[in-house]
There are 2 protein chains.
Amino acid sequence: MEARRVAVVGASERPDAPSGFVLRNLLACDFSGTVWPVHPSASTVYGWPAVPRLADLPDRPDAVVIAVPAATAVQVVGEAASLGIPGAVVLASGFAETGAAGRALQQALTDAARSGEMALCGPNCLGLHVPATGLALFSSRLVPGMRQGPVAVISHSGATAIALANSGRLGVSHVVSAGNAAVTDVADYLGYFAGQDNVRVVALLLEKVADPAAFALAMAQAHRSGLRVVALRTGRSVRGARTTAAHTGALAGSNEAASAFLHRHGVLEVTDYDELLETAVLLSTVRGRRTGGGIAALGVSGGGLAHCADLAADAGVGFADLAPTTRAELDRLLPPFARADNPLDMTGVVFGEPQRYEQALTRLAADPSVSMLVAVQDVPLGLDAEGAREYSGIAQAIARYRAQGDKPVAVLSLLAGGPHPEVRDILQAADVPVLQCGRAGWAALGHLLRTRTLRLVEPAPWIRQPAWVRRLADGPALTEREAKNFLRDHGIPTTREWLAPDPDSAVRAAQALGWPVVLKIESPDIAHKTEAGGVQLNVRDEAEVRAAFERLVASARRFAPEARIAGVLVQEMVSGGVEVLVGLARHPPFGLGLTVGPGGVFVELTGGHALDLLPLDVDAARELIETTPLHRLLAGYRGGPVSDAAVLCELMQGLSRIGLAYEPYLQAVDLNPVSVLSQGRGVRVLDALIVRHIDEVPAA
Amino acid sequence: MEARRVAVVGASERPDAPSGFVLRNLLACDFSGTVWPVHPSASTVYGWPAVPRLADLPDRPDAVVIAVPAATAVQVVGEAASLGIPGAVVLASGFAETGAAGRALQQALTDAARSGEMALCGPNCLGLHVPATGLALFSSRLVPGMRQGPVAVISHSGATAIALANSGRLGVSHVVSAGNAAVTDVADYLGYFAGQDNVRVVALLLEKVADPAAFALAMAQAHRSGLRVVALRTGRSVRGARTTAAHTGALAGSNEAASAFLHRHGVLEVTDYDELLETAVLLSTVRGRRTGGGIAALGVSGGGLAHCADLAADAGVGFADLAPTTRAELDRLLPPFARADNPLDMTGVVFGEPQRYEQALTRLAADPSVSMLVAVQDVPLGLDAEGAREYSGIAQAIARYRAQGDKPVAVLSLLAGGPHPEVRDILQAADVPVLQCGRAGWAALGHLLRTRTLRLVEPAPWIRQPAWVRRLADGPALTEREAKNFLRDHGIPTTREWLAPDPDSAVRAAQALGWPVVLKIESPDIAHKTEAGGVQLNVRDEAEVRAAFERLVASARRFAPEARIAGVLVQEMVSGGVEVLVGLARHPPFGLGLTVGPGGVFVELTGGHALDLLPLDVDAARELIETTPLHRLLAGYRGGPVSDAAVLCELMQGLSRIGLAYEPYLQAVDLNPVSVLSQGRGVRVLDALIVRHIDEVPAA
């Protein structure tokens, strides 16, 4: 990134040669350092004196661009490493993206680079570009006058990196096409940018998080230095849902795990290019002191402002409730037929008297409930310059407010591509953020306003119980009874129950537990008992116990003739609670995740489940529950009792500790349902399934 | 819209006069008809000879633009009506939008216009514009060279209408700023456009549906003539949730009713300006024969294409599964390191050999699984012309395919504002639809591909039962028992039950029904029995009946000391079914709506409920259930029994008939829960609440 002396291997003046793009870009961008083309025979390339081999260079370069095919590139990296060159860009395709042989070649490339502790951009990339120094190690056409500013763009995809950097919307500090990121990964670039004072925002197009630990460390550095990271993940839909052992996993695939990971580490995740751009524009240009209140929006189109209120609601952005004095003062700026409100329709009167617009901004900013001002102003691109100029009075009013006002202001054009350049130039010259696209613009405002303090969840100390380690590492699958024993041994409350080998024992067990009871088949070979006809609820007397015992065993025999049947589990029947699902499942490469949501028969209703990664403490558990509809059920329904949410949070914290302690042995844990009783009565796990790493994944 | 002779009342040459904009627009747009300014004293205005009053005109104008303040405008409309002038545009504000006095003034305006059977645009509007004839009765600056085409823009908001029409994206036939739409409403404009051969798409910004019946009629005309209507509703968030009697209404406010109404009548509803624009662009420009298959997408950026797959999944757009022969043929067009797939990454090879791009389009179009082609091509706006020209070979390849291929093709730029004009001009000249904004572009493709045949649900014949009409019109609120009697009398199955005035009767009732039973307090003054402690489930013997009877009465007395208590309802206990909510509620101005979703305790979980407007038949009921997670629960959960969904659909049809028959008397009907039993066993309404028009809305 800071190279002053650059060698280009495979240098060529052929118009379509990758190295040709690099060399022409270095010329066009006025790179002030030294360029050494390496060419087997030519004496000069694009006017620079060439040498036949890296070893023939007069001095050690800071970086080498390797513009030769894959197999040769590996050799050249080895050569560069042995010469002590600290950095390289490898452009060639034909590595891990092409299959097994390519993966081997990439490993060789990585080994070669690591042997010399080289930083290496690529392979299968377009390279990198630093506009401020003209360092244009980039094999696709660059615009020499790229707008400079505090935004670094990182993308696995080169075409996307250049499309964003060349959009004209961003002030760019660096462009990185990371390609396969075989050596230097996104986390490394993030860590580097965290140390650069001139970088304030990273716009990241992310195909995968290769090393979560390194990424988390880089984000911690970013937070310390005030660097904001906005990311768009690509390939969300093609990441097929990974088969997990229990239904928990199916509900929360690795897509949700990746989102949970980014959220946890303070990355702002967006859903499309426009939202990425608008968020990067806003975070990199907004100025002024925000307070804790809401947005105040104003404009000259009532319809546009009403639509903005809709979009703001969609994006979760709140509007300020203006003080009566503010409304009264604003009313004096409006024509008699208009009334002051938020959003504020200034009406066409401001075309003739734009000072009213500036006064309105000042008045709104003085209201303590207002955190930030948004001027909604469409100036159609189709207008001629004269037509657009009618709006310039408003733009100048906003610019004047920006110069003296203390609360931040942004301009938002509801139509993509707007506002008209005539107006945009005034605003950009005055350093006013200009957002485009209604939806993406409001989403960006939401990202800005939801800025939160990251809280590190410290993993609690844990101790593995040696007996349980042995049991999880070896032997047959755990039955429900064993799973519950395991949970109880780790402080998680379950139903009371006895294993009855015969009907007589079952009757005695039921009498001891109290009527009614639940009977369930107990077999290490039957994971999902309901499908096997292996569950009977609400068993109310001795005769029913005997009948149910025989029926359950017969059903299980029909369902799985080979299954080992240990007997029937007789359980206390817990009713009246809210049924909740709590589960653990593996989400590589992020480790175990915990899912919570409606349980029992409603587990398959979509939209109600949420996932976070371990560790969770009780506060993180509460936050997670609050993102699901459960928190309303738990708060009491139609005057019903308030549920014991606090104990549910303790259970989730306990399950998180179990996950960390026994991580090597666990595939999935599925507590479904957990009955959350009324406040003070706690929770009970009614059914539990533990799938170990060594178990076969059950069919259903 | 077709006026050739136009009078302008309040004509003025003042730069900021509303009439000045109109007159200057008529000049700038080369209106070929006659213009008569009306001015009290001037002899000419902008060169046209003026007269002092409408009555002094040499001939009857086809339309009059009334550019005077509100009160005067009402007089002028009366004068115009008496002269037999068929159309008017009233620009002034100060009508219904300002309060009670303004509403009265608007009524006077409406009466005046109706007295002469005048069409009237406005008041509180910017007017209308027909680019083809230069009829520019519009009081805001118009661009003389507005692109013409088959899209009519209608908006209550004038600023929005002009922003869309001037965006340069649409080929425009008409622009209508409908304002308060006091006389001529959106439905009238739609009906008019349905009769115009040169209008193919209406882009509609809708603040309210004033007259649903007229709107539905206009949409029927639109369908017959092939006119497509795309609508963005504004004010979704500010339409406060209307208080309805039962929880059904609270779950499905009038916002959902408006969406259901638009959907039912074939309007494509969008969520922001960008989606409105892209959908109008696509529907108005796409050509070629689509088949039933999926999309084939291609481009030169693997990252961009992966993102497109995500966006397509978000928008519900399916990709085609290419035939093996197609893949094999495509492989021959790709460099060795690339593999044919859909989406298809052509890689940078096509910059040098764009004919490969055209061949790929032709190959993809030949695959029977492909319905339509989408070329994903970002050409950054920031590029200079030389850089953009590198992409023009691809644009020309797409244009050549468009000229000879039979399946439709569209170009999509992921970045708003793209692609670069250098490339866009080639595509637009070749009549290729060019979409912008990834999200909005894919949403537009979804709207195009989901085109469906509208099915008219015929209201079934119904007969009101006179006794029930009397009961609904008069007397105290209906108890649960009466509500269920009402339902049974109309063929809807409920639990069996008896009203027991004392514990002895309750015991006899329970013995007759069979154990266990449910006991519920019966009072016309207690609508929500659970809050009152008035429900006891699972009562299993005589002793429990007696205890529960006393407890329920005592709880009810505590909850509502003044309540009249008729006794206790003893009900059969139905268990094992899937609990569903079915309800009716009023959704003005659309009439009654029917809601279905998860019932019982899960009624408050969000996202699971769906609303449609009456009438529903069994097919419409099934379609509605399929939009909710219920259909998965009803299809059998974890090997559990399949539920009797067919009988649930019959119940919904029956409730729809009840709604139509008793509409004047009903505020809301809340069947919650309805227990849907296993197939062949039907459904039972477990609890029912009927709130009449004359009832007070219960507190909870």
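Between copies, B:PRO368 shows label-point distances of 7.4 nm, shortest first, with the point placed 7 angstrom from Cα along Cα to C-beta. Helix B:18-28 versus the longest principal axis of chain B: what angle, 0 to 90°, nearest 10, using Cα atoms? That helix lies at roughly 50 degrees to the long axis.
Report the net charge of residues surrounding B:LEU666, where surrounding means a beta-carbon distance below 9 angstrom and charges are Lys +1, Arg +1, Asp -1, Glu -1. Walk me through the intermediate numbers first.
Values: positive: B:ARG586, B:ARG692; negative: B:GLU663.
Once all neighbours under 9 Å are counted, the net charge is +1.
Residue-wise HN-Hα couplings along the stretch A:413-419, as the Karplus relation 6.51 cos²θ - 1.76 cosθ + 1.60 with θ = phi - 60° gives them from phi, are 9, 5, 9, 4, x, x, x Hz; Gly and Pro carry x.
From the alpha carbon centroid of the stretch A:362-422 to that of the stretch A:647-700 is 53 Å. The alpha-carbon atoms of the stretch B:306-443 define a convex hull whose volume equals 102 cubic angstrom per residue.
Could you calculate the FRET efficiency of B:ASP321 with A:GLN148 from 1/(1 + (r/R0)^6), where r is the beta carbon distance between them and R0 is 51 Å, rounded to 0.05? Show your work: numbers first, answer last.
Details: r = 46 Å, r/R0 = 0.90.
Efficiency, from the Cβ-Cβ distance: 0.65.
Per residue, the convex hull spanned by the alpha carbons of the stretch B:496-572 comes to 69 Å³.
Can you give me the % of accessible surface on chain A that is carbon or sulfur? Probe 1.4 Å, all protein chains present, nothing else counted.
Details: 13510 of 26190 Å².
Answer for chain A is 52 percent, counting heavy atoms of protein chains only.
Tell me, what does the Kirkwood hydrodynamic radius of the protein assembly as shown come to in angstroms if you use every pair of distinct C-alpha atoms?
Numbers: mean 1/r = 0.0281 Å⁻¹.
Result for the protein assembly as shown stands at 35.5 Å.
Amide H to amide H, with H built 1.01 Å from N, B:LEU135 comes under 5 Å of B:VAL130, counting only residues 5 or more places away or on other chains. Placing unit charges on each Cβ (+1 for Lys and Arg, -1 for Asp and Glu) gives the stretch A:578-692 a dipole about its Cα centre, and among A:LEU677, A:LEU584, A:LEU614 the Cα reaching farthest toward its positive end belongs to A:LEU677.
Rounded to two decimals, what ratio of Rg to Rh does the stretch A:578-692 give with C-alpha atoms and a Kirkwood Rh? Please report the intermediate quantities before stating the final value.
Numbers: Rg = 13.4 Å, Rh = 14.0 Å.
Checking Rg against Rh, the ratio lands at 0.96.
The angle separating the long axis of helix A:480-489 from the principal Cα axis of greatest extent in chain A is about 70 degrees. Measuring only protein heavy atoms, the 1.4 Å probe finds A:ARG464 accessible over about 80 Å².
With contributions of -39500 (n - 2.57) from each DSSP H run of at least four residues, the per-residue ellipticity at 222 nm computed over chain B stands at -11000 deg cm²/dmol. Using C-alpha pairs under 8 Å with a sequence gap of at least 6, the mean separation divided by the residue count of chain B gives a relative contact order of 9 percent.
Interface size, chains A and B: roughly 6400 Å² of accessible area buried, both sides included, 1.4 Å probe, rounded to the nearest 100. Near A:LEU592, the amide H atoms lying under 5 Å from its own belong to A:HIS587, A:LEU614; only residues 5 or more places off or on other chains count, and H is placed 1.01 Å from N.
What is the average number of partner chain Cβ atoms found within 10 Å of a Cβ in B:204-214?
Mean inter-chain Cβ contacts per residue within 10 Å come to 1.
Sorted shortest first, the distances from the A:HIS631 label point to those of the same residue in the other copies are 3.2 nm; each point sits 7 Å from Cα along Cα-to-Cβ.
Which FRET efficiency, nearest 0.05, do A:ALA366 and A:ARG339 yield, Cβ-Cβ r, R0 22 Å? List each step's numbers first, then the result.
On the way: r = 19 Å, r/R0 = 0.87.
The computed FRET efficiency comes out at 0.70.
Inter-copy label distances at A:SER225, 7 Å along the Cα→beta-carbon direction, one decimal in nm, shortest first? Label point to label point, same position, other copies: 6.3 nm. For chain B, take the longest principal axis of its alpha carbons; what is the angle in degrees between that and the long axis of helix B:542-559, to the nearest 10 within 0 to 90? Here the helix axis deviates by roughly 50 degrees.
With N residues in the stretch B:1-107, what two-decimal value do you get for its Cα radius of gyration over 2.2 N^0.38 Å?
Values: Rg = 13.7 Å, N = 107, 2.2 N^0.38 = 13.0 Å.
Against the empirical 2.2 N^0.38 Å value, I get 1.05 for the stretch B:1-107.
Close amide-amide hydrogen proximity is noted between B:ALA88 and B:VAL64, B:ALA119, B:LEU120, B:CYS121, each under 5 Å apart and 5 or more residues distant or on a separate chain (H modeled in the peptide plane; Pro and chain starts excluded). Under the convention that each Lys and Arg Cβ holds +1 and each Asp and Glu Cβ holds -1, the size of the dipole of the stretch A:578-692 around its Cα centre is about 180 debye.
Can you tell me which of A:110-123, A:502-515 comes out highest on packing, and rank the rest after it, using the mean Cβ neighbours within 10 Å? Numbers along the way, then the final one.
Working: A:110-123: 20.0, A:502-515: 16.9.
Packing order, densest peptide first, comes out as A:110-123, A:502-515.
With the convex hull constructed from alpha-carbon coordinates only, chain B shows a mean projected area of 38.1 nm² over all directions.
Between A:TRP48 and A:SER505, the simple label model (points 7 Å from Cα in the Cβ direction) yields a spacing of 8.2 nm.
Which value, in nm² and rounded to one decimal, describes the direction-averaged projected area of the C-alpha convex hull of the stretch A:356-409? Numbers along the way, then the final one.
Values: hull surface 15.5 nm².
If you wrap the Cα atoms of the stretch A:356-409 in a convex hull and average its projections, you get 3.9 nm².
The alpha carbon convex hull volume per residue for the stretch A:278-351 rounds to 127 Å³. Normalised per residue, the accessible area of the protein assembly as shown is 37 Å², obtained with a 1.4 Å probe and no contribution from ligands, DNA or RNA. Placing dummy labels 7 Å off each Cα toward the beta-carbon, the span from B:ARG557 to B:ALA71 is 6.7 nm.
Taking Cβ atoms as reference points and 15 Å as the exclusive limit, the residues near A:PRO368 contribute a net charge of +1, counting Lys and Arg as +1 and Asp and Glu as -1. Paramagnetic label reach from A:ARG488 (point 7 Å along Cα→Cβ; backbone nitrogen cut-off under 16 Å): within the stretch A:661-685, residues A:683-685.
All other residues with a Cβ under 12 Å from the Cβ of B:HIS156 taken together, and with Lys, Arg as +1 and Asp, Glu as -1, what is their net charge? Mind dumping the intermediate values first?
Numbers: positive: B:LYS208, B:ARG233; negative: B:GLU97, B:ASP185, B:GLU207.
Local net charge: -1.
Kindly state, to the nearest 0.05, the FRET efficiency for B:GLU663 paired with B:THR627, given R0 = 35 Å and r defined as their beta-carbon distance.
Numbers: r = 24 Å, r/R0 = 0.70.
With a Förster radius of 35 Å, E is 0.90.
The distance linking the stretch A:89-115 with the stretch B:70-135 is 74 Å (Cα centroid to Cα centroid, whole angstrom). Summary of the geometry: the stretch B:281-349 and the stretch A:148-188, compared by the centres of their Cα atoms, lie 25 Å apart.
The values are calculated or read from the model by the stated rules, or taken from the named source; none is laboratory data. Everything quoted here is computed from the prediction, not taken from an experiment. Methodologically, a virtual Cβ is constructed for each residue, glycine included, from the backbone with ideal geometry; neighbour enumeration extends over all protein chains shown. Note: accessible area is taken over every heavy atom of the protein model, side chains too, but ligands, DNA and RNA are not part of it. Shrake-Rupley method; radii C 1.70, N 1.55, O 1.52, S 1.80 Å.
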